[in-house]
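*Asks:* Have a look at this one.
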Amino acid sequence: ALMITDECINCDVCEPECPNDAISMGPTIYEIDPQKCTECVGHYSEPQCVQVCPVECIPFNPAWRESREELQAKFERLQAQK
Ligand code: SF4
Ligand code: SF4
């Protein structure tokens, strides 16, 4: 999963781009729910939020490093819940 750092300027552009609805406004800045972020695996070849963020504040979440296979499995779990 990816994460949003405190450099976020709340510009709102990433939230609608997330195919997994993993991005939402937190207490002060936007946040990514690591249970829902597949790093866009299953939807796109590149993380969409990273593509649009103007301040490059969306790195990997060090607490949620996952293999491509794990991300694919998460994608399939999320799809099954829809
Ligand atoms: Fe959503 Fe993709 Fe960004 Fe993860 S990497 S938060 S799935 S847009
Ligand atoms: Fe924050 Fe970047 Fe999302 Fe804008 S695009 S709300 S700066 S994380």
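*Asks:* For the chain, what is the convex hull volume of the alpha-carbon atoms per residue, in Å³?
*Replies:* Hull volume normalised by residue count: 88 Å³.
*Asks:* Given R₀ = 30 Å, what would the calculated FRET efficiency be for residue 35 paired with residue 9, taking r from the Cβ atoms and rounding to 0.05?
*Replies:* The computed FRET efficiency comes out at 0.75.
*Asks:* Spin-label point model (7 Å from Cα, Cβ direction): what's the residue 81 to residue 61 distance in nm?
*Replies:* For residue 81 paired with residue 61, the spin-label model returns 1.2 nm.
*Asks:* Let me ask another. Roughly speaking, what is the stretch gain from residue 69 to residue 46, that is 0.36 nm per residue apart minus the C-alpha to C-alpha distance, in nm to one decimal?
*Replies:* 6.7 nm
*Asks:* Using the alpha-carbon atoms, what tilt in degrees (0 to 90, nearest 10) does helix 68-81 show relative to the longest principal axis of the chain?
*Replies:* Relative to the chain, helix 68-81 is tipped by roughly 90 degrees.
Read the figures in this text as sums done on the coordinates, not as results from a lab. A quick note: this is a predicted structure, and the numbers were derived from the prediction, not measured. Methodologically, a virtual Cβ is constructed for each residue, glycine included, from the backbone with ideal geometry; neighbour enumeration extends over all protein chains shown.
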